[in-house]
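The values are calculated or read from the model by the stated rules, or taken from the named source; none is laboratory data. Worth saying up front: this structure is predicted, and the values here are computed from it rather than measured. Cβ placement follows ideal geometry from the backbone for every residue including glycine, while neighbour counts extend to all protein chains displayed.
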Amino acid sequence: MQIKKILTALGVAGAFMVAQSALATGNFTTGPDSNNRNETDIDSNMRFVVENKAEVEECFDFEVETGKNTIERNTVVEDISTGDVEGQISVQHDLNNGMSVAWDNDGKMIDLNDMDLTNHLTGPDSYNKNEVNIDNNSWYKIENKANYEGNYYLDLNTGKNTIEKNTQVGDISTGDVDVAISQNVSANGSANHITLPSGQSVEIGSLANEITGPDSYNKNEIDIDSNDCVNIENRSEVRTNIDANINTGRNRIERNTVVGDVSTGSVRFDVNLASSAN
C-alpha cells in the first residue's frame, strides 16, 4: 500500500527551516524474528524577545514679573507703563518609533517529499518500525513601553501695582502677556510593523510496507508537534499638567487726587498638545 500525505497548518511560524530531502529510512530483506527500527528526530527551538522602554519626565517652573510696582506719596507722577511678557515653550519627543520586525522566508518549512519510509521483504515474526519525530517550539515576545509626564507651572505678572497717596498720577498702562506652549509626543508609532511568515508546510513522501512476512509487526510513524506563541504588548502613558497664573490687572489705586487713564494689558495664552501612541 502506498500512502502519500500533505499536511498544512496555517498560523504564525518562526524564522527557521528544517529540510530533510531525499531521506531514505527503511528495512529491506530482514531475517525471521528480527527486530528492526529506524528513527529520525528533529527538534527546533526558537525564542525571540524585543523590548523597548522609554520614560521622560519634564518640569517647567516659570515666574515672570514686570509689574507689582509700589508708587505712593508722590506729588506728581508721570505716565506708568509696565513691560510685556512674551514666551514660547516647544516640546517634542519621539519614543520607541521606527522598530520593524520582519521575516522574509516561509516560516518553518519541513520538506520530506523524497523521504521513503519502507519495510520491504521482511522476514516472518519480525518487528519493523520506521519513525520520524519533528518537534518545533517558537516563542516571540515584543513589548513596548513609553511613559511621558510634563509639568508646566507659569506665574506671569505685569500688573498688581500699588499706586496710592499721590497728588497727581499720569496714565497707567500694564503690559501684555503672550505665551504659547506646543507639545508633540509620539510613542510606539511604528513599532507594530511586524510581519510573520505565512505558516507551516509539511510534505511527506512515501510510507509503505511491502511484501512483509506472516505474523510480522510493521509500523511507520510520523509525529509532528509545532507550538507557536506570539505575545505583542504596547503600553503608552502620556500625562501633562499645566498650571498657569497670569495677571495684568489687580492694580491697587487709591487715595490719589488726580489719576490719568488706567489701561491693563491683554493676555494671549496658546496651548497646543498633540500625542500619538500605539
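Is it true that Ser206 is over 30 Å from Val76 (Cβ atoms), modelled with pLDDT under 85, among the hydroxyl-bearing types (Ser, Thr, Tyr) and exposed (fewer than 15 other Cβ atoms within 10 Å of the Cβ)? Don't jump to the end; show me each part of the working.
Details: over 30 Å from Val76 (Cβ atoms): yes; modelled with pLDDT under 85: yes; among the hydroxyl-bearing types (Ser, Thr, Tyr): yes; exposed (fewer than 15 other Cβ atoms within 10 Å of the Cβ): no.
Here the answer is no, as Ser206 does not meet what is asked.
Looking at Tyr140, is it within 30 Å of Gln88 (Cα to Cα) and hydroxyl-bearing (Ser, Thr, Tyr)?
Working: within 30 Å of Gln88 (Cα to Cα): no; hydroxyl-bearing (Ser, Thr, Tyr): yes.
Answer is no for this residue.
So which residues in segment 227-263 are more than 30 Å from Asp135 (Cβ to Cβ) and β-branched (Val, Ile, Thr), if there are any at all?
Val238, Thr240, Ile242, Ile246, Thr248, Ile253, Thr257, Val258, Val259, Val262
To keep it simple, each residue is scored yes or no on (1) touching a helix residue (DSSP H, G or I) at 6+ places or on another chain (Cβ under 6 Å); (2) assigned to a loop (DSSP other than H, G, I, E, B); (3) modelled with pLDDT of 80 or more; (4) within 27 Å of Ser216 (Cα to Cα).
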site: Asp104; (1), (2), (3), (4): no, yes, no, no
site: Ile110; (1), (2), (3), (4): no, no, no, no
site: Asn113; (1), (2), (3), (4): no, no, no, no
site: Asn119; (1), (2), (3), (4): no, no, no, yes
site: Pro124; (1), (2), (3), (4): no, yes, no, yes
site: Lys129; (1), (2), (3), (4): no, no, yes, yes
site: Glu143; (1), (2), (3), (4): no, no, yes, no
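Quick test for you: out of Val91, Val77, Val85, pick the one residue that is buried (at least 17 other Cβ atoms within 10 Å of the Cβ), modelled with pLDDT of 85 or more and more than 56 Å from the chain's Cα centre (by Cα). Quick ask: steps written out before the conclusion?
Values: Val91 fails: more than 56 Å from the chain's Cα centre (by Cα); Val85 fails: more than 56 Å from the chain's Cα centre (by Cα).
Exactly one residue qualifies, and that residue is Val77.
Scan segment 131-161 residue by residue and report those that are among the β-branched types (Val, Ile, Thr) and more than 30 Å from Phe48 (Cα to Cα).
If we filter segment 131-161 for residues that are among the β-branched types (Val, Ile, Thr), which is where we start, we get 132, 134, 142, 158.
Selection gives Thr158 alone.
Looking at Pro214, Pro197 in this structure, which one is at pLDDT below 80, within 30 Å of the chain's Cα centre (by Cα) and in a loop (DSSP other than H, G, I, E, B)?
Working: Pro214 fails: within 30 Å of the chain's Cα centre (by Cα).
Of Pro214, Pro197, the one residue that is at pLDDT below 80, within 30 Å of the chain's Cα centre (by Cα) and in a loop (DSSP other than H, G, I, E, B) is Pro197.
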